Amino acid sequence: MEMSDLRVPIIAIVIGEGSSGGALAIGVGDKILMLENAVYSILSPEGYASILWKDSSRAEEAAEKMKLTAKDLLKLGVIDEVLKEPNGNAKTDIEKMSEIMKKRIVAITKDLQKLERDELIENRYEKFRNM
């Protein structure tokens, strides 16, 4: 709730596993990016399977139904951009991945700074509401 009223740009990047209450907070970002191999959901697949089927061993099946991959979430409009990882894995070249993220943060920040503060907050509200 507090983040939604911030009068500065909010850029969130999911770099690994974004879940639980933190996933909700990330959702109010003006721009939400994910590394291509990251996952993002308000509930873990194990938790989902436990609630839905009373069987946490069905986590893999739950993960497929939850659509928590970067590709799925981009298609659903939950995130704004997928960042390609060097060699398919950010851990193989952390410096290169850091440079990719830095370039996107700088470019997005420049774009968001062009907006009036009230417009920034209104856009954020509408984006979250449309989700």
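Please verify whether segment 21-31 includes one or more residues that are surrounded by fewer than 16 Cβ atoms within 10 Å (Cβ to Cβ) and closer than 25 Å to K91 by Cα. So that I can check it myself, show each step before the final result.
Let us first name the residues in segment 21-31 that are surrounded by fewer than 16 Cβ atoms within 10 Å (Cβ to Cβ), namely 21-22, 24.
Restricting the remaining residues to those that are closer than 25 Å to K91 by Cα gives 22.
Looking through segment 21-31, at least one residue is surrounded by fewer than 16 Cβ atoms within 10 Å (Cβ to Cβ) and closer than 25 Å to K91 by Cα.
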- prompt: Taking segment 101-131 only, how many residues are β-branched (V, I, T) and either in contact with a Phe, Trp or Tyr (Cβ under 9 Å, 6 or more places away or on another chain) or over 25 Å from L24 (Cα atoms) (or both)?
  reply: 0
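Can you tell me which of K103, K96 is in contact with a helix residue (DSSP H, G or I) (Cβ under 6 Å, 6 or more places away or on another chain) and modelled with pLDDT of 95 or more? Break it down into steps so the answer makes sense when it comes.
Working: K103 fails: in contact with a helix residue (DSSP H, G or I) (Cβ under 6 Å, 6 or more places away or on another chain).
The unique qualifying residue is K96.
Would you check which residues across segment 103-126 are within 17 Å of V82 (Cβ to Cβ) and within 17 Å of the chain's Cα centre (by Cα) and list them? Give the derivation first.
Taking segment 103-126 and keeping what is within 17 Å of V82 (Cβ to Cβ), we get 103-105, 107-108.
Matches in segment 103-126: R104, I105, I108.
Of the residues that sit in segment 78-122 and are of a type in the set (K, R) and in a helix (DSSP H, G or I), which one is surrounded by the most Cβ atoms within 10 Å (Cβ to Cβ)? If you could, list the steps in order and put the result at the bottom.
Start the filter on segment 78-122 by keeping residues that are of a type in the set (K, R), which leaves 84, 91, 96, 102-104, 110, 114, 117.
This time we only want the ones that are in a helix (DSSP H, G or I), so: 91, 96, 102-104, 110, 117.
Details: K91: 11, K96: 13, K102: 10, K103: 11, R104: 16, K110: 10, R117: 11.
In this case the residue turns out to be R104.
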- prompt: Taking segment 38-77 as the search range and keeping residues that are within 25 Å of R129 (Cβ to Cβ) and of a type in the set (S, T, Y), which one is surrounded by the fewest Cβ atoms within 10 Å (Cβ to Cβ)?
  reply: T69
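When you look at R58, is it in a loop (DSSP other than H, G, I, E, B) and at pLDDT 90 or above, yes or no?
Details: in a loop (DSSP other than H, G, I, E, B): no; at pLDDT 90 or above: yes.
Considered against the rule, which asks whether it is in a loop (DSSP other than H, G, I, E, B) and at pLDDT 90 or above, R58 comes out as no.
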- prompt: Wholly within segment 1-46, which strands (runs of 3 or more DSSP E) include no fewer than the required count, namely at least 2 residues that are in contact with a helix residue (DSSP H, G or I) (Cβ under 7 Å, 6 or more places away or on another chain)?
  reply: 11-14, 31-35, 39-41
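Being more than 27 Å from N123 (Cβ to Cβ) and at pLDDT below 95 narrows it down to one residue among G88, G21, G29; which is it? It would help to see each step written out before you state the result.
Working: G21 fails: more than 27 Å from N123 (Cβ to Cβ); G29 fails: more than 27 Å from N123 (Cβ to Cβ).
When all the criteria are applied, what remains is G88.
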- request: Answer yes if at least one residue in segment 69-76 is touching a Leu at 6+ places or on another chain (Cβ under 6 Å), not in a loop (DSSP other than H, G, I, E, B) and not aliphatic (A, V, I, L, M), and no otherwise.
  value: no
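The values are calculated or read from the model by the stated rules, or taken from the named source; none is laboratory data. It should be emphasised that the depicted structure is a prediction, and the values quoted were computed from it without experimental measurement. Methodologically, a virtual Cβ is constructed for each residue, glycine included, from the backbone with ideal geometry; neighbour enumeration extends over all protein chains shown.
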